[in-house]
Amino acid sequence: MKQTFKKILYGGDYNPNQWPREIWDEDMRMFQKAGINSATINVFSWAKIQPSEEVYNFSELNQIVSMLCRENYNIVFGTSTAALPAWMVKRYPEVARTDYEGRHHKFGQRHNACPNSPVYQKYVKELVTRLVKHYGDNEHVTCWHVNNEYGGECYCENCEKAFRVWLRKKYGTLANLNKAWNLEFWGHTVYSWDEIVLPNALSEGLEDDRTAFAGISIDYHRFMSDSMLENYKLERDTIKQYQPEALVTTNMMGTYKGLDYFKWAKEVDIVSWDNYPSYNTPWSYNAMCHDLMRGVKKMPFMLMEQTPSQQNWQPYNSLKRPGQMRAQSYQAMAHGADTIQFFQLRRSVGGCEKFHGAVIEHAGHENTRVFREVAQLGNELKKLNGYIPGSVKEAKVGIIFDWDNYWALEYTSGPHKDLKYVEQIHQYYEYFYKKNIAVNIIPTDDNFEQYDLVIAPVLYMVKEGVADALEKFVRRGGTLVTGFMSGLVDQSDNVYLSGYPGPLRSLAGVWVEEIDALAPEQKNTVAFKDGMKAGCRMLCDIIHLESAEMIAEYTSDFYSGTPSVTRNPFGEGQTYYIGTVCDEEALSKILNMAVTDAKISPVIDTETQLEITYRETDTGRLHFVINFKDEPQELPPQFAGERDLINDEVLKEGLQLKKYDVKIIFIKFA
């Protein structure tokens, strides 16, 4: 068990520099009452601490750090590099980004720096060097928070030149590049590296985020992710130069499309992320994002940001209902969080985030519902310090999530505009969530031998080595579930010839001849051998059996009676191939079969609508029992007689948990 923090960090983004000095002491009083023990500072202070090119001023930041040290806070120290100061853009306009439409931006917004600007990189390094030399020895600096929510893309001349260098390293020769991008199509062959232009709206870009050449557009996503990662590494390496043991992170954003977080996770010391569900986000989606953020590094993470109550930037910014923030926080912890942190600790007086929720509301006192709930949670978390930090969550089910597939699937022109990568992953995850079966979200290059069941939905792009690894997994006794839009293209988005699903064909034991796309008003039906029928939609693979057996068939259209779902024995294991987007009832039936084949067990045997998951310490298992349903739910009988760590009460048989109730139960290993 690897323990990163000695205790649960509880706090969040704190911007005392936005407030007069007399407010600070009142903040400290209220934060102490709420059980807050950490603060993330200096996230957007570049303009304050470097007012001009030649001048640095740390006087106010020194006061903030001194105050937090007196209060014995853990400090999460921001590097301030996510928003450019005005003087830099004025003097060096090339540091600003050029957008997809080809418009070069002026000063404003945030995340506004070209990641390939040498000027930006120069001043980032200078700033971070000064910060770490000034504050790096402070024992209260627990973690360094680099930049903030990296994202967006730039299409300027700096990026175009850097992209060409990146492509030379990747492909070596223009012949390799022309082949990879299939530039014979539309006569796009290039004969010089400087003939390559960026795939924006002025070149290969089409409407609705589509592209004429997926190869170059996917590579540009890879390049942009790599470019921003190099920016992160520049800051991290600068910090490590002076503080080799420093803990360094940057906050991620769950299923954010722009960055390959599996690649990024290799470079951070601990994953941190910002969780902002909307009013109608399914709780299963929340859980999936937590499992993804735990999975990218296979270790506990920091919940760097969530709102205590209300967001400000979504279309409908509902309040969190009483108890919801607390339950949501415990859900994060159940799936791997070692910290609970908020944006923000005090509401801003102006700017676009002035109506974003905070621990201290605009009223300025503690007599609010939100503050009372924050204080309740803060006092409860103190009881869990001996259990949470460093405890882990294990699983025998792995669901593949892959950013290359994310980009490629949604760039492909056809067969269906409504096919979205994350939605497809979530519908499979939701089955396991409802069954309380632990899941790891895994990359395509993971060691599949750790799992008994691997789920690979819409594995459209099969990169080199992946098919061989899956075959090895199944041959040795594993169970694989895959299906439509899988095995179609290589890493450059060129189709595998000799029939779908390409390199997965022998593993699946089927040949897919055609793919029918159903309009939203069109449906089909899958019929199982036991007589059960359920709906299907969107896409229908027209399947020929090779070595597989038919599990279900279509009931209408010219392919009525042909297979829609198959199972193929392969070595000691088996592969399920689902050729259509099944309704929940049908998908559950298929996954029940796969779970039975793989001998997968839920966290508890009792069927329940409660969310029940766990983390393990060296001595036992910590169960989290949460009710996210509108109706009361009965505590499963196996927990009767056990002690709830939150309230230090023995749980009684038949106990009814109201909506947002949480019970945490530690059971020692035998």
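Kindly list the number of the only condition in (1) part of a loop (DSSP other than H, G, I, E, B); (2) in the same structural domain as residue 249 (by TED's automatic domain parsing); (3) surrounded by 15 or more Cβ atoms within 10 Å (Cβ to Cβ) that fails for residue 4.
Going through (1) part of a loop (DSSP other than H, G, I, E, B); (2) in the same structural domain as residue 249 (by TED's automatic domain parsing); (3) surrounded by 15 or more Cβ atoms within 10 Å (Cβ to Cβ) one by one, residue 4 breaks only (2).
Among all residue pairs at least 6 apart or on different chains, which show Cβ distances below 8 Å where the first residue, located in region 89-105, is among the hydrophobic types (A, V, I, L, M, F, W, C) and the second is surrounded by fewer than 15 Cβ atoms within 10 Å (Cβ to Cβ)?
Cβ pairs passing all conditions: 89/106; 96/106.
Of the residues 458, 454, 474, 481, which single one is outside any loop (DSSP other than H, G, I, E, B), assigned by TED's automatic domain parsing to the domain that holds residue 550 and within 20 Å of the chain's Cα centre (by Cα)?
Of 458, 454, 474, 481, the one residue that is outside any loop (DSSP other than H, G, I, E, B), assigned by TED's automatic domain parsing to the domain that holds residue 550 and within 20 Å of the chain's Cα centre (by Cα) is 454.
Residue by residue through region 519-534, note down the ones that are touching a strand residue (DSSP E or B) at 6+ places or on another chain (Cβ under 6 Å) and either in a loop (DSSP other than H, G, I, E, B) or surrounded by fewer than 15 Cβ atoms within 10 Å (Cβ to Cβ) (or both).
Within region 519-534, 523, 533 qualify.
Specify the residue that is surrounded by the most Cβ atoms within 10 Å (Cβ to Cβ); the eligible residues are those in region 202-250 that are of a type in the set (Asp, Glu) and farther than 26 Å from residue 118 by Cβ.
204
Just name the residue that is farthest from residue 581 (Cα to Cα) out of those in region 403-444 that are in contact (Cβ under 8 Å) with a residue 60 or more places away in the chain and acidic (Asp, Glu).
Ranking the qualifying residues of region 403-444, first place goes to 404.
Per-residue answers, yes or no, for (1) of a type in the set (Ser, Thr, Tyr); (2) crowded, with 19+ Cβ neighbours inside 10 Å; (3) part of a loop (DSSP other than H, G, I, E, B):
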site: 362; (1), (2), (3): no, no, yes
site: 376; (1), (2), (3): no, no, no
site: 383; (1), (2), (3): no, no, no
site: 395; (1), (2), (3): no, yes, yes
site: 406; (1), (2), (3): yes, yes, no
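Yes/no per residue for (1) in a loop (DSSP other than H, G, I, E, B); (2) outside the structural domain of residue 45 (by TED's automatic domain parsing):
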site	(1), (2)
102	yes, no
116	yes, no
122	no, no
138	yes, no
142	no, no
162	no, yes
178	no, yes
197	yes, yes
201	yes, yes
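Give me a count of the residues in region 614-634 that are out of contact with any helix residue (DSSP H, G or I) (no Cβ under 6 Å at 6 or more places or on another chain), buried (at least 20 other Cβ atoms within 10 Å of the Cβ) and assigned to a strand (DSSP E or B).
Count: 6.
What number of residues in region 215-262 are among the polar types (S, T, N, Q), in a helix (DSSP H, G or I) and in contact with a strand residue (DSSP E or B) (Cβ under 6 Å, 6 or more places away or on another chain)?
1
Are any of the residues in region 580-591 more than 28 Å from the chain's Cα centre (by Cα) and part of a strand (DSSP E or B)?
No.
The values are calculated or read from the model by the stated rules, or taken from the named source; none is laboratory data. Here the structure is a predicted model, which means the values were calculated and not measured. Cβ sites come from the backbone with ideal geometry, for glycine too, and all protein chains shown count toward neighbours.
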